[in-house]
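Accompanying notes for the structure given below.
The values are calculated or read from the model by the stated rules, or taken from the named source; none is laboratory data. Nothing here was measured: the structure is a model prediction, and the numbers come from that model. Positions of Cβ are generated from backbone atoms using ideal geometry, with glycine treated the same way; all protein chains shown enter the neighbour counts. Heavy atoms of the whole protein, side chains included, go into the accessibility calculation; ligands, DNA and RNA do not. Shrake-Rupley method; radii C 1.70, N 1.55, O 1.52, S 1.80 Å.
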Amino acid sequence: MASLDRVKVLVLGDSGVGKSSLVHLLCQNQVLGNPSWTVGCSVDVRVHDYKEGTPEEKTFYIELWDVGGSVGGASSVKSTRAVFFNSVNGIILVHDLTNKKSSQNLYRWSLEAVNRDLVPSGVLVTNGDYDREQFADNQIPLLVIGTKLDQIHEAKRNEVLTRIAFLAEDFNAEEINLDCTNPRYLAAGSSNAVKLSRFFDKVIEKRYFIRDGNQIPGFPERKRFGGGTLKNLHYD
């Protein structure tokens, strides 16, 4: 298993939106009992079958890099965080459905990761307007995930989901809304599970099969995991 090809996916969003709970659910298929604040970056691994059920099926490691969510303007924080943004193959943007500001901050997070030299000092959203040109050249697959769906009263869910529907369109990404304390939201065969699998397939294709819009013949040389010191690496 250690020789499997791998891709690196960043998990970004404000502190408290549930990134660690989400990553634990994705990688361990279990609810995280006592989530704590992530300092720096925590890495977990999910095993994914690319194009499952087809002749092209192949197993990959998906590295999920849960980056600490301090969104403050301190340049030292951003400079330290930037080391985690190298060689990224995909990005999961996580926001709290009960926290409108965490949704708006996804634009800051995505720009910081995609275009590190142009990190904005102000808010990127004004009255719902969004400058798509800032991400026009982005080739990194994105997925938007809203958490804490259980904390929204059913009578108000449509209102909230309508309010954040533009996020997926702005990022040219699919969206998943869920409760990280309930594994059924990612149950095999569910629409969320299909979207997640499709996203990981796209990340793998961009990394190993497509370059400048063309098919890459064969695979690059496989990279093995070294003796790194990153915490929370699991290969279950």
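The figures follow:
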{"quantity": "For the range 6-209, the Rg and Dmax computed from alpha carbons only, in angstrom", "calculated": "16.3, 49"}
{"quantity": "Accessible-area value, Glu175, 1.4 Å probe, nucleic acids and ligands omitted, Å²", "calculated": "50"}
{"quantity": "Probe 1.4 Å, accessible area per residue of the range 6-209, Å²", "calculated": "47"}
{"quantity": "Gain in span if fully extended, Lys206 to Thr98, counting 0.36 nm per residue against the direct Cα distance", "calculated": "35.6 nm"}
{"quantity": "The range 6-209 - percent of accessible surface contributed by carbon and sulfur, probe 1.4 Å", "calculated": "46"}
{"quantity": "Cα-projected label distance for Ser36 with Asn172, points at 7 Å along beta-carbon direction, nm", "calculated": "4.0"}
{"quantity": "Furthest towards positive pole of dipole, Ala165, Leu10, Gly189, structure part the range 6-209, Cβ charges", "calculated": "Leu10"}
{"quantity": "Förster-model FRET efficiency, 35 Å R0, Ser15 and Arg157, C-beta, rounded to 0.05", "calculated": "0.90"}
